[in-house]
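A quick write-up on the structure given underneath.
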Amino acid sequence: MLLAILKDARKRSHRHQGGFTLVELLVVIAILGVLAAIVLFNISGVNASAACNGMKTDGATLQGAADLYWNTYGVYPVGTNTPATLPGVNDVATPAAATTVNQQELLMANLLHSATVNWNAAAPIPAGTELFTYKASPPQGTLHGAIQGNACTYN
C-alpha cells in the first residue's frame, strides 16, 4: 500500500512539472541577441559625439577668453610662442585667417584655467588634438576649431 502511494505521487509530480521547452529558450536568446545588437549599434558613436561636444565647449571658452583679451589689450593673442610680456609681440587687432590662437598668452592673462594648456599643439599635430585658429574677418577675432582626424568643427 505504501509503495503504491509513493508510485502514484511520483507519477503526479512528473506529470505537472512546469518548464521551458528548448524552442522557447532559443526564441528568448534570439530576442536578447537582437536587443543587444541594437544597443551596441546605438552607443558606438557616443565617444565621437562626446569629443565633438567637448571641443565645441572648449571653443566657446577660448572665444570668450580671446574677446576678453581684446577688451583688455585691444589686440587678439596670436602665435604659439610664450611672450615675456602682455600683450605679445605677434598680437594684432585683426588676425589673419588660419592664424593660431596663442593660448599661453590667455593663460598668462588669467583668462583661461591651466587645465586648458596644450589645446594648440605644435606641428605635427597628433590625431584627436583640438586646434583653434582665427577665421577670416569679419567679424574680427572669430575662432575656428577642429579636432585633427575628425570631421567635427567649431564655427
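Coordinate-derived values only; no laboratory data. What you are looking at is a predicted structure, and each value in this text was computed from that prediction instead of being measured. Using ideal geometry, Cβ is built from the backbone for each residue, glycine included, and neighbour counts are taken over all protein chains shown.
Summary table below
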item: Average Cα contact separation per residue, region 32-115, under 8 Å, 6 or more apart, as relative contact order %; result: 24 percent
item: For GLU24, GLU130, order by how many other beta-carbon atoms lie within 10 Å, fewest first; result: GLU24, GLU130
item: Peptides ranked, highest mean first, by Cβ atoms within 10 Å: ranges 93-102, 50-59; result: 93-102, 50-59
item: Segment SER49-THR94, extension gain: residue separation times 0.36 nm, minus the distance between their alpha carbons; result: 13.0 nm
item: Pair LEU86, LEU25: separation of 7 Å Cα→Cβ label points (nm); result: 7.1 nm
item: Gained length - ASN150 relative to ILE38, 0.36 nm times residue gap less alpha-carbon distance; result: 37.8 nm
